[in-house]
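The values are calculated or read from the model by the stated rules, or taken from the named source; none is laboratory data. The shown structure was predicted, so the numbers you read here are calculated from the model rather than taken from an experiment. Positions of Cβ are generated from backbone atoms using ideal geometry, with glycine treated the same way; all protein chains shown enter the neighbour counts. Accessible surface areas use protein heavy atoms only, side chains included; no ligands, DNA or RNA. Shrake-Rupley method; radii C 1.70, N 1.55, O 1.52, S 1.80 Å.
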Amino acid sequence: MAEELLLENAAKISSSLTKSLLAAALLASFGSSLLYGFNLAVVNSPALYIKSFYNETFMEKYEYFPDEHLITIMYSLTVSIFAIGGMFGALLVGRLVTKYGRKGTLVKSTVLVFIGGAMMGLSRTFRMPLMVIAGRFIVGLHSGIGLSVVPMFLGEIAPKNLRGFLSLIPSIHICLGVFIAQVLGLHELLGQEEHWPLLLSLVVFPAIVQMLLLPWFPESPRYLLIEKGNAHATIEALKWYRNNSNLQVEVEEMQEEQRSLNTIQTISVWRLLRDRCVRWQVLTIIVLNVGMQLSGIDAIWFYTNDIFRGAGIQESQIQYTTVGTGAIEVISGMLGCFTIDRVGRRPLLIGGFLFMGICCAGITVSVLFQAHVAFMHYISVGCVVGIIAGFCIGPAGVPFLITAELFKQSHRPAAYTVAGCLNWLSNFTIGFVFPFLEISLGPYCYLIFCGICLSVALYTIFVIPETKNKTFMEISQMFATKNKMSEDDVNANGHLKLSQMNMNGYGSLGILREK
């Protein structure tokens, strides 16, 4: 019966990729995810110039010559303060997306990019290192918001058969942002001492494009119907993003989720953490988001040049080697994007983390033996490339997609808040601690990353189910056994009979006929 009918109808919720759907995904990612990737890597090439600027201003203002340890701390703070801003941004996500919507939050948050970009761009003119650090914090605040809101927005506007593809478009833009930062940081372009403030301030241009164009796109249909109760706007949004053939079934699925909720109001983070019905979902996003940052990828992105220098690469070749890794990131991200809806989420996660773990161990071995074996520095470079490729194929984007898929509408903003805070806190930890970790442990520090990657891969194998081509309601039911929910709990919080929905005036046919 009723539940079988629901699943049969849900299976029909599929659609082809429309131009407006693809444009929304590209535009939202271009103005947010690309900036995140750009800011991750942009401080890498001008590192020596930024440190020199800090040194000079100390001498000018305080007539004090700082030692190398203090400059290292200041530069580590410059790198990692971006993650602190991101963590605060993630804390705001739940409130912002509830008040302004998913698209509205992305548009309004662009003002942060203009403020942060201006501060970094003018820091050398005003001889103020604090402007660099504060600017990094503010653009981090924007990235913390965008990193959670973009996959939430795309996960809600996408039909289930395209959810994986669209949700990995942001990860491609992250890789593209890293690559652009690496290319522009070449000595032949903006990688010169007088140009580093301009390089840091280029973040304003993608933000301008997003601010001008994204307001013309509709809000998330799920947000409009489930949280705002605006059936007319929901139908208009669906017509914008879809072909018209699947509207009835898709509205029906959204309304079934709406009726299944105890309340249509967004729950708090505290309530999310206490809700036994989503206990394993919460644990899953904690493991994935902490694991993806503590996998060592941020150490690679923040300190690529230093890593290659330690591996024995000639100084004149380091910047070009770094750009080459950026190109591989983009290719790997595209590979993951075009295969995720074919192979599923779990294989990409498992394969990505396993491959990264092997490569982390490979870096340790190659550095230990490079003094005795001539070609070992090439092995180090290959392992760095392997870590980047493995990350971009799966772990780069799948955790954000999984966060959208594991939770219903009322829980989703709080889930992204938790995931985002842990993601950014782990990002900060790696960015600040890695230089000192490398000094104290040397190449053995990569064995820590190896252990983390292998642990996350094992967790994925034994705990995380495949969510490909599943509705949000089906995915909630898949976790019912793990959460020790009774059949009555599943029925109350999961699948509501279609006949009951239609008897209460919530049938999708009624809404469509009103239109």
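List of remarks:
- Estimated 222 nm signal from helices in the chain, with DSSP H stretches of n ≥ 4 weighted -39500 (n - 2.57), rounded to 500: -24000 deg cm²/dmol
- Residues of the chain: accessible area per residue with a 1.4 Å probe, Å²: 39
- Test item: Cα-centred dipole of the chain, Lys/Arg +1 and Asp/Glu -1 on Cβ, debye: 1120
- Distance (nanometres) between label positions extended 7 Å along Cα→Cβ at residue 240 and residue 315: 5.4
- Loop-located GluC sites (Glu not before Pro) across the stretch 52-81 with a Cβ neighbour count of 11 or fewer within 10 Å are 63, with loop assigned by DSSP.
- Rounded to the nearest 10 degrees, the inclination of helix 231-241 to the longest alpha-carbon principal axis of the chain is 50 degrees.
- Within the chain, 175, 277, 337, 392, 421, 445, 453 have no other Cys Cβ under 4.7 Å of their Cβ and so lack a disulfide-compatible partner by this rule.
- Computed with a 1.4 Å probe on the full set of protein chains, the accessible area for residue 16 sits at about 70 Å².
- For the chain, the longest principal axis of the C-alpha atoms and the axis of helix 169-184 are separated by about 20°.
- Portion, in percent, of the accessible area of the chain that falls on carbon or sulfur, probe 1.4 Å: 66
- Additional length obtainable on full extension of the chain from residue 365 to residue 188, 0.36 nm per residue less Cα span: 60.3 nm
- Dipole of the chain, positive direction: furthest Cα of 355, 83, 381, with charges on the beta-carbon: 83
- Estimated FRET transfer efficiency (residue 378, residue 233; beta-carbon r; R0 51 Å; 0.05): 0.35
- Extension gain for residue 462-residue 19 works out to 155.6 nm (0.36 nm per residue, less the C-alpha to C-alpha distance).
- With kT/(6 pi eta Rh) evaluated at 37 °C and eta = 0.692 mPa s, and Rh the Kirkwood radius from Cα pairs, the chain diffuses with a coefficient of 139 µm²/s according to Stokes-Einstein.
- Across 58, 391, 462, the residue with the most accessible area heads the list, and the full order at a 1.4 Å probe is 462, 58, 391.
- On Cα atoms only, tilt of 315-343 relative to the major axis of the chain in degrees: 10
- Separation of the alpha carbons by more than 19 angstrom is noted, of 103/228; 19/239; 160/228; 19/160; 408/482; 103/239, for 160/228.
- Modelled this way, with points 7 Å down the Cα-to-C-beta line, the labels at residue 481 and residue 111 are 5.1 nm from one another.
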